[in-house]
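*Asks:* Got a structure here, written out as structure tokens. Questions coming.
The values are calculated or read from the model by the stated rules, or taken from the named source; none is laboratory data. Computed from a predicted structure; not experimentally measured. Cβ: placed from backbone, ideal geometry, glycine included. Neighbour counts: every protein chain shown. The protein model used for the area step is the full one, side chains on, heavy atoms only, and it has no ligands, DNA or RNA in it. Shrake-Rupley method; radii C 1.70, N 1.55, O 1.52, S 1.80 Å.
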Amino acid sequence: MKKSAVAVSLALLTVAGVAQAADQFIPIPSYRVGAYASGGAKFYGGMIDYLNYVNLKEGGVGGVRLTYEECETEYKNDRGVECYERLKAKNGGASAFNFMSTGITYATMDRAEKDKIPLMTMGFGRADAQDGRAFKYVFPLITSYWSQATAKVQFLGQRVGGMDKLKGKKIVNLYHGSAYGKETIPVLDAMAKKYGFELQHVEVPAPGTEQQSQWLEIRRARPDFVLLRSWGVMTPAALKSAQKVGFPRENIVANWWGGSEEDAVAAGDAAKGYIAGSFALDGKQFPLIQNIEKTVYGAGKGNLSDKGFIGTVNYNRGVVSGILMVEAIRAAQKKYGAKTLNGDQIRWGMENLNIDAKRQQDLGVTDMFPQVKTSCQNHEGSGYTRFMQWDGKDWKPVSGWIKADTGVTLPLIKASVDKYSQEKSMKLRDCAAEK
Amino acid sequence: MEWQFFLEVLVGGLLAGVMYSLVALGFVLIYKASGVFNFAQGAMVLFAALSFVSIQAMGVPFWIALLLTLALMVLLGVGIERVVLRPLVNQPPITLFMATIGLSFFLEGLAQMVWGTDVHGLELGIADEPFDVGGVFISKFDLFAAAVGGTLVAALALFFSKTKLGRALRAVADDHQAAMSVGIPLKHIWAIVWGVAGFVALVAGLLWGSRLGVQFALTLVVLKALPVLILGGFTSVPGAIIGGLIIGAGEKLAEVYLGPFVGGGIENWFPYMLALLFLLVRPEGLFGEKHIERV
């Protein structure tokens, strides 16, 4: 009995030791069970591996060790909010959250604003949050949904030999019947108007397991391309249905939610030739990924149960998420000193990211993701997307990094931000005055 | 040209309906034997398909993997009867229904714990490619699924109507206590029917898994089976197939021809509306048994 009491006390001391004053706490609201566990386990595995790598290699950031705690959201909004509340004040306070879920992000946005904790929404919505004057604590880093949508059209322009050649072409936007799916409709409409192509929107009722009628409609419409805005099971169902009606997969271009190994493998042969956007390249060719495998897994601290998943799309996305988080901490330490920082200070760091070519080279991630430079007003910091094609086994790049058409996105962002600030009766930040 | 398109939508819908029927059959089997709506049917479909691809991934040949999975599903069925249902004999149907809700979450968790959360591709050797019949594209895979569904329905219909065991199953469904009082072994009957439902789940899991990939979302295919059950009746095996055909064709035609007038995306709720309309005329479904209770 006495022995057990001592053991429990020691264990408690050890746990407490993890959260010393000189630690920086990063909450990990992961999803390792449920419908989206396959991608979630790899994404958060990559992120945790990078945090452990920084601890093992550098002893943390500026001597401050990185600590983390996982909380299972199952990709459910209520669980996500619960995780947010459970972790926000833990171990000296949360640095920032990356839920990898549009729904949970929306559900926690107001809380994060009140608690002054940044939300990292790398690659997803809401798109207008790239304007930091209205969304001080939300960061759709690298590329928002709207940026990706314009990049998709520009990619098609490249395929047909120039944007002017899109005139008269017919494009179908096959979208998930949800707020997520509908988010890019205004941007695509604006692109259609600007470049003169015919655009038809076709909705797939969520979750998208059955798409026969939509693809028969597509076959009847005879479009040149299909822009796929899918999520989860909708992707393989779309590819299988396209095969069924004889639509060439080479002419289907998805956004990054449809561009992982899980999406393609599920569709089998039907996925061959299919194209999807990406903001973080897969593969083990990057020195950082190799070093993580050597250092972290060599020390027996790897997070993945199967090392074979190192370098997969979702794993590398997780590593990029870890890099952005750590670089924000580094930037914030330059201003506030090498100590435990609070969420608002990390927000400043996230607003002053500068991951240029030189920094990417130092990190061993040259060209793995586009360069990122954020500011008070620009919370996206990049806007570039690259396109990959599934060859039956792997994703292969079929374009360079394509910049968002800001001529289309910025007016829409402005209009949306104006509406949002009016609804909330809020005054936009004066970024010039904050310098 | 337009009639060709109409025909294509209609045929495609009918064939899609057979896929829904396959899932609906599992519900019918359990309901016929116990009067309980088995909430765990979707989880059983996932469990079966995930077990099959995981066993196959170990290098086990297709047919052996199939037999091993079938054995596993029968064992699971017997286990469910022994652990979950047997203690609930003679309890109200709502109690059994609640037990199947718990069972559903348990099976989903168990499947992922044992076999992992990864998405698997599944090829049955039948390409999901079209062939041209006078300008109408028909999927080879859909035809194969229809043949499998038809065979299964015929076999089960014969089983329920022509065999002693089948009649015993129907008696159990009508009244547990009365069936037991005339010597029908309720526990064995339930174990058999859950085993058969496991087999049906395996067939549905393989066909749907081949189309969507074997992943957690397979549990969602039950959403397509519910209107089929409402329309066809919870106790009729032929009802499941006829209901599936009506729902499949109805939802596709509605999406293509009515959808554009209301902004599209009506495929999810239209089948339920169609089924509810049928209920107004035939509350027990097209082929469901009429119950007259005297009070």
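*Asks:* Applying 1/(1 + (r/R0)^6) with R0 = 22 Å to the Cβ-Cβ distance of residue A:423 and residue A:179, what FRET efficiency is obtained, to the nearest 0.05?
*Replies:* The formula returns an efficiency of 0.85 here.
*Asks:* If I stretch the segment between residue A:82 and residue A:305 completely, what's the gain in nm (0.36 nm per residue apart, minus their alpha carbon distance), one decimal? Let's see the in-between values first.
*Replies:* Details: separation 223, 0.36 × 223 = 80.28 nm, distance 2.64 nm.
So the chain would gain 77.6 nm between residue A:82 and residue A:305.
*Asks:* Does anyone have the angle between helix A:313-336 and the longest principal axis of chain A? Alpha-carbon axes, 0 to 90°, nearest 10?
*Replies:* 50 degrees
*Asks:* Given the C-alpha centroids of the range A:112-131 and the range B:101-130, what is the distance between them in whole angstrom?
*Replies:* With the range A:112-131 and the range B:101-130 each reduced to a Cα centre, they are spaced 34 Å.
*Asks:* Only Cα pairs under 8 Å and at least 6 apart count here; give the relative contact order of chain B as a rounded whole percent. Walk me through the intermediate numbers first.
*Replies:* Details: 452 pairs, mean separation 103.3, N = 295.
Relative contact order for chain B comes out at 35 percent.
*Asks:* Using label points projected 7 Å from each Cα along Cα→Cβ, tell me how many nm separate residue A:434 and residue B:261, to one decimal.
*Replies:* Roughly 5.2 nm, to one decimal.
*Asks:* For the range A:329-401 and the range B:41-63, what is the separation of their C-alpha centers, rounded to whole Å?
*Replies:* Spelled out, the Cα-based centre of one part sits 41 Å from the other.
*Asks:* A further question follows. Can you pull the mean other chain C-beta count within 10 Å for peptide B:120-127?
*Replies:* Shielding by partners across B:120-127 averages 3.
*Asks:* Given 20 °C and 1.002 mPa s, compute D for the range B:42-109 with the Stokes-Einstein relation, Rh being the Kirkwood radius over Cα pairs; round to the nearest whole µm²/s.
*Replies:* Translational D for this selection: 163 µm²/s.
*Asks:* Output the 0 to 90 degree angle, nearest 10, between the alpha-carbon long axis of helix A:37-58 and the longest principal axis computed from the alpha carbons of chain A.
*Replies:* The angle comes out near 40 degrees.
*Asks:* Which of the three applies to the range A:13-143, rounded, prolate or oblate, going by the alpha-carbon gyration tensor with a ≥ b ≥ c and a/c under 1.5 meaning rounded?
*Replies:* The shape class here is prolate.
*Asks:* Next question, about the same structure. Which of the helices in chain B, when you take each full DSSP H run, stretch at least 27 Å along the axis at their Cα atoms and have an average Kyte-Doolittle score of 0.0 or higher?
*Replies:* Those that pass (Cα extent of 27 Å or more, hydropathy at least 0.0) are B:2-34, B:93-115, B:140-162, B:186-212.
*Asks:* Compute the length gained on full extension between residue A:189 and residue A:110: take 0.36 nm times their separation in residues and subtract their Cα-Cα distance, giving the result in nm to one decimal.
*Replies:* 25.4 nm
*Asks:* Also, I was wondering about something else. Scan the range A:254-347 for chymotrypsin sites (Phe, Trp or Tyr not before Pro) in coil per DSSP, keeping those whose Cβ has at most 12 other Cβ atoms within 10 Å, and list them by number.
*Replies:* Listed in order of number, the matching sites amount to none.
*Asks:* Mind checking which aspartates and glutamates have their Cα closer than 18 Å to the Cα of residue A:427? Skip sequence neighbours fewer than 8 apart in that chain.
*Replies:* A:110, A:113, A:128, A:131, A:418
*Asks:* How well do other chains shield peptide B:207-220, expressed as the mean number of their Cβ atoms within 10 Å of each residue Cβ?
*Replies:* Details: counts 0, 1, 1, 2, 12, 13, 15, 2, 10, 8, 11, 3, 1, 7.
That works out to 6 on average.
*Asks:* At a probe radius of 1.4 Å, figure out the A/B buried accessible area, summed over both chains, and give it in Å² to the nearest 100.
*Replies:* On the way: alone 17670 and 14020 Å², together 28570 Å².
Chains A and B together bury approximately 3100 Å².
*Asks:* Okay, moving on. Expressed as a whole number of Å, what is the distance separating the alpha-carbon centroids of the range B:163-210 and the range A:231-292?
*Replies:* Cα centres, the range A:231-292 to the range B:163-210: 42 Å.
*Asks:* In addition: State whether chain B is rounded, prolate or oblate according to the following rule on the C-alpha gyration tensor (a ≥ b ≥ c being the square roots of its eigenvalues): a/c under 1.5 gives rounded; otherwise a/b larger than b/c gives prolate, and the remaining case gives oblate.
*Replies:* Oblate.
*Asks:* Treating cross-link reach as a plain straight distance, find the lysines whose alpha-carbon is under 25 Å from the alpha-carbon of residue B:224, omitting any fewer than eight places away in the same chain.
*Replies:* A:76, A:182, A:240, A:244, B:32, B:140, B:252, B:290
*Asks:* Sticking with this one: For q values of 0.07, 0.12 Å⁻¹, compute log₁₀ I(q)/I(0) with the Debye formula on a Cα-only model of the protein assembly as shown, without solvent.
*Replies:* -0.54, -1.32
*Asks:* Shape call for the range B:141-295 from the C-alpha gyration tensor, a ≥ b ≥ c root eigenvalues: rounded (a/c under 1.5), prolate (a/b greater than b/c) or oblate?
*Replies:* The shape class here is oblate.
*Asks:* Oh, and also: Give the average, rounded to an integer, of partner chain Cβ atoms located within 10 angstrom of each Cβ in B:260-271.
*Replies:* 4
*Asks:* So, by mean Cβ neighbours within 10 angstrom, what's the order for A:234-244, B:47-57 with the highest one leading? If you can, show how the numbers build up before the last one.
*Replies:* Numbers: A:234-244: 27.9, B:47-57: 23.2.
Highest mean packing first, the order is A:234-244, B:47-57.
*Asks:* Just want to confirm a number: the relative contact order over chain A, from Cα pairs under 8 angstrom separated by 6+ residues, in percent.
*Replies:* Result for chain A is 20 percent.
*Asks:* Using the per-residue mean of other Cβ atoms lying within 10 Å as a proxy for protection, in what order, highest first, do the peptides A:93-102, A:108-117 fall?
*Replies:* Output ranking for A:93-102, A:108-117: A:93-102, A:108-117.
*Asks:* Magnitude of the Cβ-charge dipole of the protein assembly as shown, K/R +1 and D/E -1, about the Cα centre, nearest 20 debye? Spell out each step's value before the answer.
*Replies:* Numbers: 72 positive and 63 negative charges, 208 e Å.
Roughly 1000 debye for the protein assembly as shown.
*Asks:* Reachable lysines from residue A:284, Cα under 29 Å, same-chain residues fewer than 8 places away excluded?
*Replies:* Candidates past the 8-residue exclusion: A:42, A:57, A:152, A:272, A:294, A:301, A:307, A:358, A:373, A:393, A:396, A:403.
*Asks:* How tilted is helix A:102-115 with respect to the longest principal axis of chain A? Cα atoms for both, answer in degrees (0 to 90, nearest 10).
*Replies:* That works out to roughly 40 degrees.
*Asks:* From the phi angles alone, apply the Karplus equation (6.51, -1.76, 1.60; θ = phi - 60°) to the range A:363-379 and give each ³J(HN,Hα) in whole Hz, x where the residue is Gly or Pro.
*Replies:* 7, x, 10, 3, 6, 6, 9, x, 5, 10, 9, 9, 8, 4, 8, 9, 8
*Asks:* Additional query: Would you look at the GNM of chain A, springs on alpha carbons closer than 10 Å, and say which of A:138, A:153, A:245 moves the most?
*Replies:* Maximum among the listed residues: A:245.
*Asks:* Nearest 0.05, what FRET efficiency do residue A:160 and residue A:367 give at R0 = 22 Å with Cβ-Cβ as r?
*Replies:* Numbers: r = 26 Å, r/R0 = 1.17.
Step by step, r from the Cβ atoms, then E = 0.30.
*Asks:* Roughly speaking, what is the stretch gain from residue B:75 to residue B:181, that is 0.36 nm per residue apart minus the C-alpha to C-alpha distance, in nm to one decimal?
*Replies:* Once the chain is fully extended between residue B:75 and residue B:181, it gains 35.4 nm.
*Asks:* Once you keep just the Cα pairs under 8 angstrom separated by 6 or more residues, what percentage relative contact order results for the range A:120-163?
*Replies:* Result for the range A:120-163 is 36 percent.
*Asks:* Please check: in the Gaussian network model of chain B (C-alpha springs, under 10 Å), which one of B:271, B:227, B:185 has the largest mean-square fluctuation.
*Replies:* Sorting by GNM fluctuation, first place goes to B:185.
*Asks:* Say R0 is 35 Å: what FRET efficiency, to the nearest 0.05, do residue B:170 and residue B:63 get from their beta-carbon distance?
*Replies:* 0.60
*Asks:* For the range B:125-131, take each phi angle, set θ = phi - 60°, evaluate the Karplus expression 6.51 cos²θ - 1.76 cosθ + 1.60, and give the result in whole Hz per residue in order, putting x for glycine and proline.
*Replies:* Coupling constants for the range B:125-131: x, 10, 5, 7, 10, x, 10 Hz.
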